[in-house]
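**Q** Here it is, the structure, as structure tokens.
The values are calculated or read from the model by the stated rules, or taken from the named source; none is laboratory data. Please read these numbers as outputs of a predicted model, since none were measured by experiment. Here the Cβ is made from the backbone with ideal geometry for all residues, glycine too, and neighbour counts use every protein chain on show.
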Amino acid sequence: MLLAPALAIYTLFAIWPLIDVFILSFQDWNGINENREWVGLRNYYHILYNDPVFWVAFRNTVIWTIMSVIFPPVLGLFLALGLNQNLIGRAPLRAIYYLPVIIAPIAVATMWRWMYDPFFGLFTQLLTNAGLAQLIPDWLGDKDVALYSIFVAYVWQSVGFSMVLFLAGLQSVDRSLIDAARIDGANRRKIFEHVTLPALRPTITIVLVLSTISSLKAFDIVYGMTGGGPAQSTQMLALWAFTQSMEIFNYGRGSAVSVVLLTITLAIVVPYMSWSQRREEDAQ
Amino acid sequence: MTTTSPIVVAPRKRRDPVLIGLWISLVLVAIIWLAPVAFITFTAMKSESEVFSSAAFALPSKIEWNNFALAWAKGDFNNTFWNSTVITLVKVPLGLVISAMAAYALAQIRFGWNKMLLVFLLFGAMIPFQVMLAPLFTLVNSLSLIDTYPGIILPYLAFGVPYQVFILHGFFKAIPKELTEAALIDGASHFVIFRRIFLPVCLPVLAALLILDFVATWNEFAMALVLLQDKSMWTLPLGLMSFQSQFSNNYSQLNAAIVITVLPATLVYLIFQRYFVSGLTSGAVKG
Amino acid sequence: MKLKTTLCSSICAFLATGVTASAEGLTIWTINYTSDKQVSALTAAEAEFEKLNPGVDVEIVMRGTDEHKTALRVASGSDTGPDIYAYWAGLGLGGEYVQAGMSTDLSSYYESYGWGDRLTGPSLAFSEAFAEGKHGIPFRFSGEVVYYNKGLFEKAGIEGEPETYEDLKAAAVALKEQGIPAFTFGGTVNWHVMRLMDVILETTCGAEKHDALMAMELDWATEPCALEAFTEMKWWTDEHFLKPFMGIDNRQATTLWFGDRAAMMLEGDWHVPTIDENSDMSKYGMFAFPTGTGRLYGFAEYMYISTKSDKADLAAKFLDMFTSDEFQAAHIGAFGALSVNKNVKQGDDALELHKEWLDVFAAADGTFVNGDQAFPLDVTTEYFRVINELASGELEPQAAADAMAAFISTR
């Protein structure tokens, strides 16, 4: 009974759409017609073999995911290690690093889009002042640069998140072990390698999985900065699914793209969930 | 382990050169991190001509408050601000209440399939709702709830529940079931037990979740984009997006609009900073 | 328990507010026009119709372009919706709804009200294009031409407005010698750069083949004029665009144009008030893109009566008033330079370039529409992508033509 409201809303608005996306991916529907026509695997065939954008989006999603599993967590770990020392101004520093996390992704996109303005933006001004005007790329308009330009904005926004998780993880490192190692004469690197890192291992797993999941969801920031352009070169699976369904109104193909993304996500989430479940049982 | 490096042996030595270097680099990173915010804020306060003529980080010669007023009016911020406020103020407390009830039931009442239900709920926290935008849209549309407050609040609730239940469940589980059962035998209702025993214990977590959820709801874009088609129902992020596409060539007002959008969440963050950290870490790391 | 009842009552209260009482009267959905003049014309139509028809409550709902598109999708999937909806008349837009049976056949109203005699030929072209009978009634026809900066043309020693495509290319070369890019476009919105491709395609292919390519009846890969069009397009994007352009939008491009950073823009008749508001109109001139076919590049906006409306007669009455001589004369210039009503002409106090527009309309021999009006949505998306790939030097002309053909054949 206490469970009912949460369960009902969750099932109707989260689980049913999840099932429906599978159903839709086998159908042909434009949002207007009364009936949705069953077409079997045709949508999948189309996106895999005939869609000129799907594989671009797929590749971008993979690149994006790999980058977001490396850069924000590594940077976050460094910041956390730094802040874990006894330094002046720790609290304000931490607040500053974390600040972008609470800014709406769409506002981050708008901010950075303006900073990347090829004529009047921040980076163009800085490079011009440095006498490097020839080197100014069209940050968001050049196919080879745009994805990475967006990613820089994403790093700026997401580092604080990893940092806070690592800070919490560091608190679980046994101080006395570190002191003992010091007395034994171990240097900083050794202490980090043999004491800190092993203690951080569960945190690292969590950060990596959460980074992966949130990077697969990359939507707002790409939508806001390029909308997938130029020439669909910054498309991501999540955004392409949206574009197919909600802008081209081909619900079947959009859903097929969704199912592909969902499958990738599940391949990461399911092992993680069983891992954390086991961990919890071990702890009990 | 026993290599001799006597210089760093003394712990917390004053003016450790490594620490000073570390400190300087941390401050540098902080400056870089703040730079975009400063750039946006300065641009927002400059006149249009000064935007083009002055250096990026030059302070505005005269603060153009008018930019904010104009952006506010053009972007219809009265409306979007109101919608964001209503949606957030209803969704966040309501979401916490139903999540707390569910977490309590899962942690304290024996059903037999508690664990399966928990995994079922947890599953939702991991699935990106971005893949389900289209079916979500058709579902809400078939209920005739597009462009209504319940039409956006119900899905928000649905996707907020898993994470909150997960975290609260972790806390509630720590309270021995025997305590609850004893109270039940004494004739106390679940509601009373919840209020008397559980609420006091989990107040800090609830506060943290409240603030985290406030920011998440306030900032949400993708679902609102799909479910709120009518301009009069738009939330702040949608308003900002539309402002950008309409007035992309009016830089100072565009930046003023960004500041307006970002400010409320920033203030909430600065005031309740410590809850953010504790809220995030309590769930993800300990769980 | 108490918790649950309060919870339920609060949800129920929300559900209740969601269900708004259906309005008594006529509901009209249109896009949210940026010009105040257009908005006030619509508001005036609302007031006037209510005055002429006591007891009728007209409600005009204006939305942003994308919101309007999606709102109509929403309405088509449910029982709610407008009596009249405004939409672009092209195949991928209004045409799709006509084909899906969302639009009422207006043949009988055309006959009884005599709309066919009243409205201009170019604007009427779409009413019979997509289904049996007559669908929708035009309320606006927009043309697109080249606007140029007279000062910059002079600086490059260009005398007179280019009359042929070769003249135009020569002008671009002359401008380049002075370090002036010929055109400025904004790439992020896709449809801006597309305009140049559309008119070049008309130039290299001629009217007939252009239309056949757009109707996807001719093969893009093997049709030589399509390849030629992509080759010409590349000539322009490589050498004669103000760069960078892929990272900015059309409004930013306009700002740069007003800043004398490039000589020309390919814009619609709605550009005239923009020039009037932001600059000195005497600085600028205009000429139709010299495609050689004499057809005017542009598109129409229609008002359709929804098949879900049970007030078709009343709706037709409104449309009749909206396109009438009196109403159109009273709001001349609000919906583009030229009224869809033949009998209505701009006065002497019209904006200078608006007057020139009348000559352009008068000289036009038929029309051809923008690519995003002609294609279905998925092909439009691909057309954008191919053009942008070509424009950023990633795709050679032949590869571009092949990509179009491949996409069309496997849709």
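**Q** List the helices (runs of 4 or more DSSP H) inside region C:199-306, counting only whole elements, that have at least 1 residues being out of contact with any Pro (no Cβ under 9 Å at 6 or more places or on another chain) and of a type in the set (Asp, Glu). Explain how you work it out, then say what you get.
**A** Numbers: elements: C:224-239, C:250-258, C:271-278.
Those helices (runs of 4 or more DSSP H) span C:224-239, C:271-278.
**Q** Only one of C:Ala288, C:Ala262 is within 14 Å of chain A (Cβ to nearest Cβ), in contact with a strand residue (DSSP E or B) (Cβ under 7 Å, 6 or more places away or on another chain) and among the small types (Gly, Ala, Ser). Can you tell me which? Steps first, answer last, please.
**A** Numbers: C:Ala288 fails: within 14 Å of chain A (Cβ to nearest Cβ).
Every option except C:Ala262 fails the conditions.
**Q** Quick check on this structure: which one of A:Pro105, A:Pro5 is crowded, with 21+ Cβ neighbours inside 10 Å, modelled with pLDDT under 95, under 22 Å from B:Ser142 (Cβ atoms) and touching a helix residue (DSSP H, G or I) at 6+ places or on another chain (Cβ under 6 Å)?
**A** Values: A:Pro105 fails: under 22 Å from B:Ser142 (Cβ atoms).
Among A:Pro105, A:Pro5, only A:Pro5 is crowded, with 21+ Cβ neighbours inside 10 Å, modelled with pLDDT under 95, under 22 Å from B:Ser142 (Cβ atoms) and touching a helix residue (DSSP H, G or I) at 6+ places or on another chain (Cβ under 6 Å).
**Q** Out of curiosity, is C:Gly187 closer than 24 Å to C:Ala253 by Cα, out of contact with any His (no Cβ under 7 Å at 6 or more places or on another chain) and buried (at least 21 other Cβ atoms within 10 Å of the Cβ)?
**A** Details: closer than 24 Å to C:Ala253 by Cα: yes; out of contact with any His (no Cβ under 7 Å at 6 or more places or on another chain): yes; buried (at least 21 other Cβ atoms within 10 Å of the Cβ): yes.
When the stated conditions are applied, C:Gly187 passes them.
**Q** Still on this structure, I have one more. Which condition from (1) surrounded by fewer than 17 Cβ atoms within 10 Å (Cβ to Cβ); (2) at the interface with another protein chain (Cβ under 7 Å from one of its Cβ atoms) is the one that A:Phe13 breaks?
**A** It is condition (1) that A:Phe13 fails.
**Q** For region A:128-139, indicate whether the set of residues that are assigned to a loop (DSSP other than H, G, I, E, B) and of a type in the set (Val, Ile, Thr) is non-empty.
**A** From region A:128-139, those assigned to a loop (DSSP other than H, G, I, E, B) are A:130-132, A:136-139; that's our starting set.
Subsequent filtering for residues that are of a type in the set (Val, Ile, Thr) retains A:136.
Yes, the conditions are met somewhere in region A:128-139.
**Q** I need the helices (runs of 4 or more DSSP H) fully contained in region B:177-287, keeping only those with at least 3 residues that are modelled with pLDDT of 85 or more and under 26 Å from A:Ile106 (Cβ atoms). Spell out the reasoning first.
**A** Numbers: elements: B:177-185, B:190-193, B:199-219, B:222-227, B:236-246, B:251-271, B:273-284.
Counting at least 3 such residues, we get B:199-219, B:222-227, B:236-246, B:251-271.
**Q** Okay, moving on. Could you please let me know if C:Lys345 is of a type in the set (Lys, Arg), assigned to a helix (DSSP H, G or I) and not assigned by TED's automatic domain parsing to the domain that holds C:Val193?
**A** Values: of a type in the set (Lys, Arg): yes; assigned to a helix (DSSP H, G or I): no; not assigned by TED's automatic domain parsing to the domain that holds C:Val193: yes.
No, not satisfied.
**Q** Does C:Ala350 count as surrounded by fewer than 20 Cβ atoms within 10 Å (Cβ to Cβ) and not assigned by TED's automatic domain parsing to the domain that holds C:Ile275?
**A** On the way: surrounded by fewer than 20 Cβ atoms within 10 Å (Cβ to Cβ): yes; not assigned by TED's automatic domain parsing to the domain that holds C:Ile275: yes.
So C:Ala350 passes the test.
Conditions tested, residue by residue: (1) more than 14 Å from chain C (Cβ to nearest Cβ); (2) acidic (Asp, Glu).
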| residue | (1), (2) |
| --- | --- |
| A:Leu126 | yes, no |
| A:Leu132 | yes, no |
| A:Leu135 | no, no |
| A:Trp139 | no, no |
| A:Asp142 | no, yes |
| A:Ile150 | no, no |
| A:Tyr154 | yes, no |
| A:Gly160 | yes, no |
| A:Met163 | yes, no |
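**Q** Name the one entry in C:Asp378, C:Asp348 that is away from every other protein chain (no Cβ under 11 Å) and either farther than 30 Å from A:Gly141 by Cα or modelled with pLDDT of 85 or more (or both). First the steps, then the outcome.
**A** Values: C:Asp378 fails: away from every other protein chain (no Cβ under 11 Å).
Of the residues listed, the single one that is away from every other protein chain (no Cβ under 11 Å) and either farther than 30 Å from A:Gly141 by Cα or modelled with pLDDT of 85 or more (or both) is C:Asp348.
**Q** Out of C:Ala300, C:Ala337, which single residue is away from chain A (no Cβ under 14 Å), buried (at least 22 other Cβ atoms within 10 Å of the Cβ), under 20 Å from the mean Cα position of the chain (by Cα) and over 30 Å from A:Ala231 (Cβ atoms)? Lay out the reasoning, then the answer.
**A** Values: C:Ala300 fails: over 30 Å from A:Ala231 (Cβ atoms).
Testing whether each residue is away from chain A (no Cβ under 14 Å), buried (at least 22 other Cβ atoms within 10 Å of the Cβ), under 20 Å from the mean Cα position of the chain (by Cα) and over 30 Å from A:Ala231 (Cβ atoms) leaves just C:Ala337.
**Q** Still on this structure: Select, from A:Ala186, A:Ala199, the only residue that is within 30 Å of A:Asp282 (Cα to Cα) and either without any contact (Cβ under 8 Å) to a residue 12 or more places away in the chain or out of contact with any Phe, Trp or Tyr (no Cβ under 6 Å at 6 or more places or on another chain) (or both). Spell out the reasoning first.
**A** Values: A:Ala186 fails: within 30 Å of A:Asp282 (Cα to Cα).
None of the others qualify; the one that does is A:Ala199.
**Q** Name, by its number, the condition in (1) in a helix (DSSP H, G or I); (2) at pLDDT below 85 that does not hold for B:Leu121.
**A** B:Leu121 satisfies every listed condition except (2).
**Q** Given (1) at the interface with another protein chain (Cβ under 9 Å from one of its Cβ atoms); (2) surrounded by fewer than 22 Cβ atoms within 10 Å (Cβ to Cβ); (3) not hydrophobic (A, V, I, L, M, F, W, C), where does B:Gly187 come up short, assuming only one miss?
**A** The one condition B:Gly187 does not meet is (1).
**Q** Looking only at region A:84-95, how many residues end up being within 7 Å of another protein chain (Cβ to nearest Cβ) and not in a loop (DSSP other than H, G, I, E, B)?
**A** So the count comes out to 2.
**Q** Then there is this: Looking at this structure, is A:Arg113 assigned to a helix (DSSP H, G or I), more than 14 Å from chain C (Cβ to nearest Cβ) and among the charged types (D, E, K, R)? Outline the logic, then answer.
**A** Numbers: assigned to a helix (DSSP H, G or I): yes; more than 14 Å from chain C (Cβ to nearest Cβ): no; among the charged types (D, E, K, R): yes.
For A:Arg113, the condition - assigned to a helix (DSSP H, G or I), more than 14 Å from chain C (Cβ to nearest Cβ) and among the charged types (D, E, K, R) - is not met.
**Q** Can you list the helices (runs of 4 or more DSSP H) lying wholly within region C:358-409 that have 1 or more residues being of a type outside the set (D, E, K, R) and over 23 Å from C:Gly294 (Cβ atoms)? Quick ask: steps written out before the conclusion?
**A** Working: elements: C:371-374, C:377-391, C:397-409.
The helices (runs of 4 or more DSSP H) meeting that bar are C:377-391, C:397-409.
**Q** Could you name every one of the helices (runs of 4 or more DSSP H) located completely within region A:192-277 that has at least 1 residues being facing chain B (nearest Cβ under 10 Å) and surrounded by fewer than 17 Cβ atoms within 10 Å (Cβ to Cβ)?
**A** Numbers: elements: A:197-216, A:220-225, A:237-242.
In region A:192-277, A:197-216 are the helices (runs of 4 or more DSSP H) which contain 1 or more residues that are facing chain B (nearest Cβ under 10 Å) and surrounded by fewer than 17 Cβ atoms within 10 Å (Cβ to Cβ).
**Q** Could you list, in sequence order, all residues of region B:193-237 that are crowded, with 22+ Cβ neighbours inside 10 Å, under 18 Å from B:Thr148 (Cβ atoms) and charged (D, E, K, R)?
**A** Matches in region B:193-237: B:Glu220 only.
**Q** If you don't mind, there's one more thing I want to ask. Output the number of the condition that C:Ala170 fails; it satisfies all remaining conditions of (1) outside any loop (DSSP other than H, G, I, E, B); (2) buried (at least 17 other Cβ atoms within 10 Å of the Cβ).
**A** That leaves (2) as the condition not met.
**Q** Given the structure, is B:Asp76 in contact with a Lys or Arg (Cβ under 8 Å, 6 or more places away or on another chain) and farther than 16 Å from B:Phe214 by Cα?
**A** On the way: in contact with a Lys or Arg (Cβ under 8 Å, 6 or more places away or on another chain): yes; farther than 16 Å from B:Phe214 by Cα: yes.
So B:Asp76 fits the description; yes.
**Q** A further question on this structure: Taking helices (runs of 4 or more DSSP H) that fall entirely within region B:10-85, which contain at least 3 residues that are within 14 Å of chain A (Cβ to nearest Cβ)?
**A** Working: elements: B:17-45, B:48-53, B:65-74.
So the answer is B:17-45, B:48-53.
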